[in-house]
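FYI, it's all coordinate maths here, none of it is from the lab. Keep in mind that this is a model prediction, so the values were computed, not measured. Virtual Cβ from ideal backbone geometry, glycine too; neighbours counted across all protein chains shown.
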Amino acid sequence: MFKQTLKQIVTYEAGKPIELVMREFGIKQDEIIKLGSNENPYGTSAKVIQTLQDNAYKASLYPDDSMYELKNALSARFGIESKEVIIGAGSDQIIEFCMQALNHQNACVIMAKVTFAMYEVYARLAGVEICKTASEQHNLTEFLQLYNECKSRNMRISAVFLCVPNNPLGECLDAQAVEDFIKQIDKDTLVIIDGAYQEFAAHKDALKAFNPAHLVSAFENVIYLGTFSKAYGLGGMRIGYGIASEAIINMLYKVRPPFNVTTLSLQAALVALEDRAFVEKYIESNAAQMLLYEDFARENGFSFIPSYANFITLTHKCIESTHLCDWLLSKGVIVRNLASYGLNALRITIGTPQQNVRVFELIKTYLQTHN
Ligand SMILES: *Cc1c(COP(=O)(O)O)cnc(C)c1O
């Protein structure tokens, strides 16, 4: 009855919710530390919460499907035109639109060996072959080699996924290197630049800051993706955006269902975008706390890749990540086990100072009692 392609799809295992830990371990809600999904540990801006309360009465009406206000705000923020923006239920949905809209006949899509799991899910749903680079981290030389290999097999390449910074490893390509790469890619290949963690990377290193306005004016085959789920603290509202040439946006609009984001999500995003102080404070805290995680890792025998995002991925020679993650869960701390990516590693979202102190204490206890 169902599509053959579904057989190859492993149902995406989302980060564990607080409710599960409450149920399974009987831990109280306010004692649970959720650092498994790269959400903003400070929650969302007070102004957003006020807006949600003030606009709750609009729940009965369909949203403004033109998304006029948020598109205008995003255009002003990025220096683009509003016809160069599409808004989705998370940037996930924009990835889905791209995969649905592209012509995958006799084509493949290219992505890094270890990267955001949803690229593969949406590519498989679209029935397109997937080619992955050999290295775990993004390596543009390998991307280009793979691209040329596919071409020499007489295959088209419908899309290339670049995740900057990359989830779940945290590394980030330089913006200039990506531009040089795109110049070598044919115009009928869509280059998808996923900037879900760009706010953190741009703060840490200007060389890792991608400018969507520049990309869109320089290349007709690029789409830049951003989200309100991470730095802006709106994971629960499901809202993200894509920025590309008008021609690309028009094509994606053809596969977009009407009313794909809710009225409240649109208003929350609008207010979140304007409350820069809230986001900037978080980004600074993230950078300072990241240094503490790096110290902690070095002092306790963990290795890591310097991260340009709001998480750090740790590995330890003598530790099985699955065991450590399960143990942390039993103590009320949710982190992400990367065993499903084929890695003996755990990804921890950088939390608030208090949360991080607790994580450090617990992991030290684990090391003392399990070694
Ligand atoms: C979280 C994330 C997204 C998108 O999340 P949405 O909540 O769907 O906006 C996209 N790409 C990467 C790499 C992410 O980590």
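Annotations for the structure displayed:
- Mean separation of Cα contacts under 8 Å (6+ apart) over length of the chain, as relative contact order %: 23
- Within straight-line reach of Lys281, meaning a Cα separation under 24 Å, sit the following lysines at least 8 residues removed in sequence or on another chain: Lys34, Lys47, Lys204, Lys208, Lys230.
- Dipole magnitude of the chain, debye to nearest 20 (Cβ charges: Lys/Arg +1, Asp/Glu -1, about Cα centre): 640
- Taking the helices alone, the chain has a mean residue ellipticity at 222 nm of -13000 deg cm²/dmol, built from -39,500 (n - 2.57) per DSSP H run of at least 4 residues and averaged over all its residues.
- Annotation for the range 157-261: trypsin sites (Lys or Arg not before Pro) lying in DSSP loop with at most 15 further Cβ atoms inside 10 Å of their Cβ are Lys183, Lys187.
- C-alpha center-to-center spacing [the range 109-177, the range 319-352] in angstrom: 25
- Percent of beta bridges antiparallel (DSSP, the chain, rounded to nearest 5): 50
- Length-normalised contact order for the range 315-371 - Cα pairs under 8 Å, 6+ apart - percent: 30
- Karplus-derived 3J(HN,Hα) values for the range 55-62, using 6.51 cos²θ - 1.76 cosθ + 1.60 with θ = phi - 60°, are 9, 4, 5, 7, 4, 7, 9, 4 Hz; glycine and proline are entered as x.
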